[in-house]
1. Mind putting a number on the dipole of the chain about its Cα centre? Charges go on the C-beta only, +1 for Lys and Arg and -1 for Asp and Glu, and I need it in Debye to the nearest 20.
2. Roughly how compact is region 62-124, stated as its Cα Rg over 2.2 N^0.38 Å to two decimals?
3. Between ASN119 and GLU195, what FRET efficiency comes out of the Förster formula 1/(1 + (r/R0)^6) with R0 = 25 Å and r the beta carbon distance, rounded to 0.05?
4. Would you tally the net charge around ALA160, using a Cβ to Cβ cut-off of less than 12 Å, leaving ALA160 out, and scoring K and R as +1, D and E as -1?
5. Under the rule of -39500 (n - 2.57) per DSSP H run of 4 or more residues, summed and divided by the residues of the chain, what mean residue ellipticity at 222 nm is obtained, to the nearest 500 deg cm²/dmol?
6. Would you mind checking the radius of gyration and Dmax of region 1-95 based on alpha-carbon positions, in Å?
7. State the percentage of accessible surface on region 1-91 attributable to carbon and sulfur atoms; use a 1.4 Å probe and exclude ligands, DNA and RNA.
8. ASP216 to ALA36: extension gain in nm, 0.36 nm per residue of separation minus the Cα-Cα distance?
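The values are calculated or read from the model by the stated rules, or taken from the named source; none is laboratory data. Given the structure is predicted, the values throughout are model-derived calculations rather than measurements. Here the Cβ positions follow ideal geometry from the backbone for every residue, glycine too, while neighbour counts run over all protein chains shown. Surface accessibility is based on the protein's heavy atoms, side chains included, excluding ligands, DNA and RNA. Shrake-Rupley method; radii C 1.70, N 1.55, O 1.52, S 1.80 Å.
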Amino acid sequence: MKPVTSQPAARQRDAERTRAEILEVAQREFARNGYAGARVDEIAALMRTTKRMIYYYFGSKEQLYIAVLEKAYAEVREVERTADVEHLAPVEAIRTLAELTFDHHDAHREFIKLVAIENIHQAEHIRKSEVLANLGTPVLDLIERILDSGTASGEFVTEADAIDVHMMISAFCFFRVANQHTFGALFGRDMTAPEHRARLRRMVGEMVVSYLKGPDRSA
């Protein structure tokens, strides 16, 4: 006899799959049109479902948007959380973490758009999310451990805290994607073009390492 599938379990899987599909479509629409410009009707049409169904899962447009932000931030934090760098020497560990952040931002450009949009709204929606309240803590803990190790070994001489270093890495990676169009129009260079990728990826790692190692005292 074939095993009987539990109907509640099957319904739960269907619900989770539907919710995930809605989030995927909603993320594209919010990234493309912003919070104000995105329309739940359009998201429903792209899903071939109804606005009522979307509200059934998420309650409101704002709650859907917050869920999209939670998903986007959780993905980047998962990359940071699973970064296998703590077995490395401090210099290589912080360089690798910077390069992994570069890779994620390069591959998830909708995330950059969503962050820029949420900054326009002064983090109004992020502040309403309990999920996002402490989501940054693991990566800060990781950076702190790398900094402590580098200081103890004498490789890092610059006094810096984890938030400053995280900002330094994020600023470079974020700017390259978020400002690609204005930068390109003003300076005639597409920072996201394939021929620049390897050089800029190297640059962010070396920039952080050079800052932490301090001035070259042998000069």
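1. Details: 29 positive and 33 negative charges, 216 e Å.
So the dipole magnitude of the chain works out to roughly 1040 debye.
2. Working: Rg = 14.0 Å, N = 63, 2.2 N^0.38 = 10.6 Å.
Dividing the Cα Rg of region 62-124 by 2.2 N^0.38 Å gives 1.32.
3. Working: r = 30 Å, r/R0 = 1.19.
Step by step, r from the Cβ atoms, then E = 0.25.
4. Values: positive: LYS213; negative: GLU144, ASP148, GLU159, ASP161, ASP164.
Overall, the nearby charge balance is -4.
5. On the way: 11 runs with 164 residues, N = 219.
Rounded to the nearest 500, it is -24500 deg cm²/dmol.
6. Answer for region 1-95, Rg first and Dmax second: 18.6, 59 Å.
7. Details: 2850 of 5720 Å².
Here carbon and sulfur together make up 50 percent of the probe-accessible area.
8. Details: separation 180, 0.36 × 180 = 64.80 nm, distance 4.98 nm.
Additional length available on full extension: 59.8 nm.
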